[in-house]
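Chemist: Sharing a structure with you now.
The values are calculated or read from the model by the stated rules, or taken from the named source; none is laboratory data. As the structure is a computational prediction, the values presented were derived from the model and not from experiment. Counting neighbours? That spans all protein chains shown, and the Cβs are built from the backbone with ideal geometry, glycine included.
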Amino acid sequence: MADTSELAKGYTLLNSTQYSAGLFLLSRLAIPPGSHVLNIGCGPGDLTAHIASLVGPTGSATGIGPSPERIALAQKLTPTQPNLTFHLGIAEDLSRFPSGSFDVVFVNSTLHWVEDQPRAMHEFARVLKAGGRLGISGGPGDYTTAQERIMAEVMSREPYSAYVEEIPSRFLKRREMEGLLDEAGFSQQGREIVVNRIVKVARDGEAMIEWLDASSGGKTYGGISVGSPLRARAMEEMKREWDKVTSEEGIRVEMELLVTVAVKE
Ligand SMILES: C[S@@+](CC[C@H](N)C(=O)[O-])C[C@H]1O[C@@H](n2cnc3c(N)ncnc32)[C@H](O)[C@@H]1O
């Protein structure tokens with residue numbers, strides 16, 4: 001990732017959209033006190049800390065994520081909550097956790113960044129206890145959002161098109177999600193997939209891009225590295241595209257998140 005400590009700090013201030021989506025997923029999971037929960041792609045740890053308070057002192061919340069900048073912020077939260085821990089790592093390799101060690105695996109606004117999604121799903125199944133539950137909330141793979149359209153359109157122009165993103169994000173369509181769950185051994189019984197309709201509101205194009213950049217750990221500009229002057233140029237072009245869809249009230253992007261709860265056999 002092209003993450004920086006500024007983007008990581010910025011995410012904590014700007015992530016109300018993802019935080020609310022996480023609360024919706026938590027309402028679907030209704031996690032009982034005493035549960036042991038693994039939060040995949042925990043970012044700066046605010047949702048993991050909330051989960052730690054939900055499960056109480058007999059439960060635990062563990063966060064894992066690949067960004068040292070975000071894990072460093074998250075680790076600042078642990079002294080106040082003894083049942084809260086964070087680790088640097090990726091969804092595809094949960095080998096630090098023994099099989100059958102969690103009641104719930106929680107994945108909010110993260111799966112689209114995971115390079116090897118089938119492998120990650122197998123890892124989620126492995127670390128869950130029998131009867132344990134996987135909760136995933138993520139962007140819509142069944143249609144293209146305004147932000148995907150604008151990013152793709154600008155990044156297809158010269159000279160940006162030469163900087164191909166190493167690992168592009170990939171939202172799952174509903175049937176792809178079903179296929180991955182089946183393949184990883186999640187039961188069809190008790191599986192629930194619902195749509196969470198949300199609206200992302202931003203003051204203007206600049207605010208929208210700031211949110212996208214903090215949310216993606218700097219991946220708004222394809223393969224253009226952090227510090228390259230091309231980023232500022234691409235950002236100006238993206239802002240002009242957002243201006244076209246900005247009204248007096250600012251920008252409103254309606255999104256349908258796919259929210260999945262599945263049970264390990
Ligand atoms: C939009 S943020 C969501 C953070 C948090 N889950 C939330 O809901 O606020 C996406 C997160 O995915 C993480 N991520 C990216 N690739 C990952 C991977 N392979 N495994 C686990 N997490 C990953 C990033 O570090 C980032 O924190």
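Chemist: Being out of contact with any Phe, Trp or Tyr (no Cβ under 9 Å at 6 or more places or on another chain), basic (Lys, Arg) and within 11 Å of the ligand (Cβ to nearest atom) is the requirement here; does Arg119 meet it?
Modeler: So Arg119 fits the description; yes.
Chemist: Can you pull out the residues in the range 36-71 that are hydrophobic (A, V, I, L, M, F, W, C), within 9 Å of the ligand (Cβ to nearest atom) and in contact (Cβ under 8 Å) with a residue 40 or more places away in the chain?
Modeler: Within the range 36-71, Ile40, Cys42, Leu47 qualify.
For every residue, the table says whether it meets (1) under 30 Å from Ala130 (Cα atoms); (2) within 16 Å of the ligand (Cβ to nearest atom).
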site: Leu172; (1), (2): yes, yes
site: Asp182; (1), (2): yes, no
site: Glu192; (1), (2): yes, no
site: Ala202; (1), (2): no, yes
site: Glu206; (1), (2): no, no
site: Ser225; (1), (2): no, no
site: Met238; (1), (2): no, no
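Chemist: Moving on. Filter the range 72-113 for residues that are away from the ligand (no atom under 13 Å from the Cβ) and either assigned to a helix (DSSP H, G or I) or touching a His at 6+ places or on another chain (Cβ under 6 Å) (or both) and give the result.
Modeler: Gln75, Thr78, Pro79, Thr80, Phe102, Asp103 - these are the residues of the range 72-113 that are away from the ligand (no atom under 13 Å from the Cβ) and either assigned to a helix (DSSP H, G or I) or touching a His at 6+ places or on another chain (Cβ under 6 Å) (or both).
Chemist: Search the range 156-212 for residues being among the β-branched types (Val, Ile, Thr) and part of a strand (DSSP E or B), and hand back the single one that is farthest from Leu23 (Cα to Cα). If you could, list the steps in order and put the result at the bottom.
Modeler: First pass over the range 156-212, keeping only residues among the β-branched types (Val, Ile, Thr): 164, 167, 193-195, 198-199, 201, 209.
Among the residues that remain, those that are also part of a strand (DSSP E or B) are: 193-195, 198-199, 201.
On the way: Ile193: 16, Val194: 14, Val195: 14, Ile198: 12, Val199: 15, Val201: 18 Å.
Once the filter is applied, the top-ranked residue is Val201.
Chemist: For the range 208-265, give me each residue that is without any contact (Cβ under 8 Å) to a residue 40 or more places away in the chain and touching a Gly at 6+ places or on another chain (Cβ under 8 Å).
Modeler: Of everything in the range 208-265, those that are without any contact (Cβ under 8 Å) to a residue 40 or more places away in the chain and touching a Gly at 6+ places or on another chain (Cβ under 8 Å) turn out to be Lys239, Arg240, Asp243.
Chemist: Out of the range 1-19, which residues are at pLDDT below 85 and of a type in the set (Ser, Thr, Tyr)?
Modeler: Selection gives Tyr11, Thr12.
Chemist: Here's something else I'd like to know. Has the range 251-263 got any residue that is assigned to a helix (DSSP H, G or I), acidic (Asp, Glu) and closer than 22 Å to Tyr11 by Cα? Give the steps one after another, and end with the answer.
Modeler: Taking the range 251-263 as the starting set, the residues that turn out to be assigned to a helix (DSSP H, G or I) are none.
So far as the range 251-263 goes, no, none of its residues is assigned to a helix (DSSP H, G or I), acidic (Asp, Glu) and closer than 22 Å to Tyr11 by Cα.
Chemist: Consider only pairs whose beta carbons are under 7 Å apart and that are at least six residues apart or on different chains; among these, list those whose first residue lies in the range 165-181 and is touching a residue at least 60 places away in the same chain (Cβ under 8 Å) and whose second residue is among the basic types (Lys, Arg).
Modeler: Pairs that qualify, where the first residue is touching a residue at least 60 places away in the same chain (Cβ under 8 Å) and the partner is among the basic types (Lys, Arg), are Leu181/Arg191.
Chemist: Condition first: within 22 Å of Cys42 (Cα to Cα) and in contact with an Asp or Glu (Cβ under 6 Å, 6 or more places away or on another chain). Now tell me which residues in the range 200-231 satisfy that.
Modeler: Correct list: Gly217, Gly218, Thr220.
Chemist: A further question on this structure: Tell me which of these Ala162 doesn't satisfy, since it passes every other one: (1) without any contact (Cβ under 8 Å) to a residue 24 or more places away in the chain; (2) closer than 23 Å to Ile31 by Cβ.
Modeler: It fails just one condition, (2).
Chemist: Could you tell me whether the range 149-161 includes any residue that is within 16 Å of the ligand (Cβ to nearest atom) and crowded, with 23+ Cβ neighbours inside 10 Å?
Modeler: Yes.
Chemist: Take the residues of the range 20-31 that are without any contact (Cβ under 8 Å) to a residue 40 or more places away in the chain and either outside any helix (DSSP H, G or I) or within 13 Å of the ligand (Cβ to nearest atom) (or both): which is farthest from Gly131 (Cα to Cα)?
Modeler: Kept after step one, since they are without any contact (Cβ under 8 Å) to a residue 40 or more places away in the chain, are these residues of the range 20-31: 23, 27, 30.
With either outside any helix (DSSP H, G or I) or within 13 Å of the ligand (Cβ to nearest atom) (or both) added as a condition, the list becomes 23, 30.
Details: Leu23: 22, Ala30: 15 Å.
Selected residue: Leu23.
Chemist: Another question, if that's okay. Regarding the range 213-228, can at least one residue be identified that is modelled with pLDDT of 95 or more, over 25 Å from Ile90 (Cα atoms) and either surrounded by fewer than 17 Cβ atoms within 10 Å (Cβ to Cβ) or of a type in the set (A, V, I, L, M) (or both)?
Modeler: no
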